[in-house]
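Here's the structure we're looking at; comments come further down.
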Amino acid sequence: MDASTTIRADLLTLTSEQAMMLSPYLWVFGGTVLAMILSVTRAIQPRLPVFIVSVLTALVGMVVSLGLFAADRVMLFNNMMVGDSYANFFNVVFLASAALTMLASFEYLDQERLQYGEYYLLVLFAALGMMLMASALDLIVIFIALELMSLSVYVLVGFRRADRRSNEAAMKYFILGAAASAILLYGTALLYGATQSTNIRDIQAFVQSQSGGVSIMFTLGAWLVIVGFLFKIASVPFHMWMPDVYEGAPTPITGFMTTGLKAAAFATFVRIFISTGYGDGLPAAIQSHMHDIIVVCAVLTMVIGNAVALTQTNLKRMLAYSSIAHTGYILVGMIAGQGSEQGYAPVVLYLVAYAVMNMGAFAVLAILAARADQGLNLRDFSGLSSRQPWLAFAMSVFLLSMAGIPPTAGFAAKYLLFYSAVQAHEIGLVVISVLCSAISVYYYLRVLVHMYMHEPEEGAAPLRPVSVWAAAVVASMVVLTVQIGTLPAGMLAAAKRAVMSL
Amino acid sequence: MDISPVFFYLFAGLAIAFSVLVVLKKSPVASAFCLVVVFFMFAGIYALLDAHLIAAVQVLVYAGAIMVLFVFVIMLLNADSPSFDLGRSHLGLRVGAVAACVVLLGLFVYAFRASPLQVPPGALTAAQIDAAGGNTRVISRLMFSEYILPFELTSVLLLAGIVGAVAIAKRKLGAPEGTA
């Protein structure tokens, strides 16, 4: 028992199951180090090798995680980390998002003269941080993984160093993000003081054992941790950083942020949320308390996100506000999770669907962006259907999906999400969500109107040639969007399995 | 009478005061030196908590090595003058910020006064640590067994930080950005 004088032997060795479960993480880290060595090797021109090694690292890691999806749960490192279907499901999402981001970036970086190996390294580091976040069971590990992810993304946001907007975005994101991390850390410290543990499972056990309600210290700690996460998912009232950051970041990185970063923050939030405030066997007082916090945030997020998106003319900024709005829908799903038969599976499915359509949309934007990310205003999209018919078609699919129109992924995901909210008797919330969703159709369709019904602007800059990599990304995302939209059962079953393993 | 509360308030108060100075000072060198004082105060607080190893490491690594590097870099870069004029912030904003701080402080004071802090002693009381061979030994054992994952991840985090710093600092501004 006495941890101070003896070391448990099982902490110093890895069983074969544990080593197996760790293989995607080790693989990604190893690939990152290899790419790092390649990028500083003077004997070769590192541009292509670093790119290929990084993409292969992410893709193979994804395949390995996919292979581990059906494996049984394995506890790792003194229960600080867990390898379960949930973690592996999200590992696939993160690594796919990282690989697609890198593929979509290659040509873009050449055009912007930003082709540095560090870019790919940082994307891989961020992906590793996300993977660790989704599988961490300990608040300390979650914090370190969160920092690993955030630190890499801060730098990526400011990667266009000569550009003032990019600098401003990185600076804003860094300062606000650091403040949010500090809040999260302070909450962790308070939770440790109140419960004697930083492990989520132990905290859950502690709360379940407290029949007479928890101390104020616990409540305060939980509040601060929740605020930290609400910041990371950019829920109103902690969303102020998002539009500027999304607008200033290089376009493929904005895509990476809406897909990987958001999914990672939500994956971790759901894991903590279920155990610290919403899981089975917790006192009703805590549940209703959490319920109220999330309901207020969800409603504000949906209404403000959609309302402000209506007035945006820059597409990146519009998608940033739409991203805030989607955060609101996902929060609705989280509230409903406990009371519906599908549980949290619709939330996971929505995250995947959202990641797919955003990845595609930002890949299109990265192709269309003129030098220094100019030319992403609404009028630059006028008559796109005659200039680039295929890109216009792909963009319409993604926008229709975001608006939630069948037969796209957005519709299937939204339908399941709202249906689970109805089952959980959250009728008021569903009405607000559907109304907000209806409002959002306006600003998504406005882009379509510009693309298909307006003439091209006089003297519009010639478009860049579309690279093979970026075209492959866009095409595969179109296929996935339609596939999830028409046959959501397979993805839903996977999501359900992932959630069941929690 | 136990004297440590007096020292705690002394160290904590000075730490907060100098942290505020870090933010308010116009000159980066002055800010850096205020930060050194903050680190020393933290070391004092750690020592009060019987965490002597952490206190020593705090002084050696943070106040010593890292801050010396900081100050060197600031001086070598000749960044002693503020690079931009912040201007005066909006009065309402400042009042709001101060009010928010006061409200938060009040909330915390209320919370800690209202909640009886009956925290049971954990597995590692001072007596147990002495019996197990002292602070350093216990920390090293724990760090390389129970807390091995956070320990290793911190190295990965630092590696990512280095790559990030290189990515930002390596390129020359103004020069045409080409392939690396």
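The values are calculated or read from the model by the stated rules, or taken from the named source; none is laboratory data. Predicted, not measured: the structure shown is a model, and the values here were computed from it. Here Cβ is always computed from backbone atoms with ideal geometry, including for glycine, and neighbour counts include all displayed protein chains.
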TODO: Identify the single condition in (1) within 9 Å of chain B (Cβ to nearest Cβ); (2) buried (at least 22 other Cβ atoms within 10 Å of the Cβ) that A:Arg113 does not satisfy, given that it satisfies every other one.
DONE: (2)
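Condition test on A:Asp138, is it buried (at least 24 other Cβ atoms within 10 Å of the Cβ) and over 19 Å from the mean Cα position of the chain (by Cα)?
Numbers: buried (at least 24 other Cβ atoms within 10 Å of the Cβ): yes; over 19 Å from the mean Cα position of the chain (by Cα): yes.
Answer is yes for this residue.
Give the residues of the stretch A:59-76 that are within 12 Å of chain B (Cβ to nearest Cβ) and surrounded by 18 or more Cβ atoms within 10 Å (Cβ to Cβ), sorted by residue number.
As a first pass, look at the stretch A:59-76 and keep what is within 12 Å of chain B (Cβ to nearest Cβ): A:75-76.
The one that is within 12 Å of chain B (Cβ to nearest Cβ) and surrounded by 18 or more Cβ atoms within 10 Å (Cβ to Cβ): A:Leu76.
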Open item on the list: Considering only residues that are within 13 Å of another protein chain (Cβ to nearest Cβ) and either surrounded by fewer than 22 Cβ atoms within 10 Å (Cβ to Cβ) or among the small types (Gly, Ala, Ser) (or both), which ones fall in the stretch A:77-95?
Closed with: A:Asn78, A:Asn79, A:Gly83
- [ ] Scan the stretch A:358-374 and give yes if some residue there is assigned to a loop (DSSP other than H, G, I, E, B) and either more than 19 Å from A:Thr254 (Cα to Cα) or without any contact (Cβ under 8 Å) to a residue 40 or more places away in the chain (or both), otherwise no.
- [x] yes
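Being surrounded by 16 or more Cβ atoms within 10 Å (Cβ to Cβ) and small (Gly, Ala, Ser) is the filter here; which residues of the stretch A:24-58 pass it?
Step one: filter the stretch A:24-58 for residues surrounded by 16 or more Cβ atoms within 10 Å (Cβ to Cβ), giving A:24-25, A:27-29, A:31-32, A:34-36, A:38-39, A:46-47, A:49-51, A:53-55, A:57-58.
A:Gly31, A:Ala35, A:Ser39, A:Ser54, A:Ala58 - these are the residues of the stretch A:24-58 that are surrounded by 16 or more Cβ atoms within 10 Å (Cβ to Cβ) and small (Gly, Ala, Ser).
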Open item on the list: Within the stretch A:101-108, does at least one residue satisfy the condition of being within 23 Å of the chain's Cα centre (by Cα), closer than 23 Å to B:Val156 by Cα, touching a residue at least 40 places away in the same chain (Cβ under 8 Å) and in a helix (DSSP H, G or I)?
Closed with: yes
Open item on the list: Can you tell me which residue is nearest to A:Tyr120 (Cα to Cα) among those in the stretch A:155-170 that are under 21 Å from the mean Cα position of the chain (by Cα) and assigned to a helix (DSSP H, G or I)?
Closed with: A:Leu156
Open item on the list: For the stretch A:213-236: of the residues being more than 14 Å from chain B (Cβ to nearest Cβ), β-branched (Val, Ile, Thr) and more than 16 Å from A:Leu139 (Cα to Cα), which is surrounded by the fewest Cβ atoms within 10 Å (Cβ to Cβ)?
Closed with: A:Val236
TODO: State whether the residues of the stretch A:134-149 include one that is without any contact (Cβ under 8 Å) to a residue 60 or more places away in the chain and among the acidic types (Asp, Glu).
DONE: yes
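Out of A:Ala104, A:Ala98, A:Ala126, I need the residue that is small (Gly, Ala, Ser), out of contact with any Asp or Glu (no Cβ under 9 Å at 6 or more places or on another chain) and within 13 Å of another protein chain (Cβ to nearest Cβ). Which one?
Result: A:Ala126 is the single residue among A:Ala104, A:Ala98, A:Ala126 that is small (Gly, Ala, Ser), out of contact with any Asp or Glu (no Cβ under 9 Å at 6 or more places or on another chain) and within 13 Å of another protein chain (Cβ to nearest Cβ).
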- [ ] Kindly list, by first and then second residue, each pair from a residue in the stretch A:245-270 that is more than 20 Å from A:Leu146 (Cβ to Cβ) to a residue that is hydrophobic (A, V, I, L, M, F, W, C) and outside any helix (DSSP H, G or I), limited to pairs with Cβ atoms under 6 Å and residues at least 6 apart or on different chains.
- [x] A:Pro250/A:Phe159; A:Thr251/A:Ala369
TODO: Look at the stretch B:123-156 and say how many of its residues are in contact (Cβ under 8 Å) with a residue 40 or more places away in the chain, surrounded by 13 or more Cβ atoms within 10 Å (Cβ to Cβ) and not β-branched (Val, Ile, Thr).
DONE: 1
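Name the helices (runs of 4 or more DSSP H) wholly within the stretch B:72-180 that hold at least 3 residues that are more than 13 Å from chain A (Cβ to nearest Cβ), at pLDDT 85 or above and within 24 Å of the chain's Cα centre (by Cα)?
Working: elements: B:91-114, B:126-131, B:135-143, B:148-169.
Filter on the stretch B:72-180 gives B:91-114.
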Task: Of all residues making up the stretch A:196-205, the number that are within 12 Å of another protein chain (Cβ to nearest Cβ) and either surrounded by fewer than 20 Cβ atoms within 10 Å (Cβ to Cβ) or modelled with pLDDT under 85 (or both) - done: 2
TODO: Please find, among A:Leu261, A:Leu331, A:Leu300, the residue that is under 23 Å from A:Leu103 (Cβ atoms) and assigned to a helix (DSSP H, G or I).
DONE: A:Leu261
TODO: Name every residue in the stretch A:269-308 that is at pLDDT below 90 and of a type in the set (Phe, Trp, Tyr), in order of residue number.
DONE: A:Phe273, A:Tyr278
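Between A:Glu118, A:Glu147, A:Glu168, which is facing chain B (nearest Cβ under 7 Å), surrounded by fewer than 24 Cβ atoms within 10 Å (Cβ to Cβ) and of a type in the set (Asp, Glu)? It would help to see each step written out before you state the result.
Working: A:Glu118 fails: surrounded by fewer than 24 Cβ atoms within 10 Å (Cβ to Cβ); A:Glu168 fails: facing chain B (nearest Cβ under 7 Å).
Result of the check over A:Glu118, A:Glu147, A:Glu168: A:Glu147.
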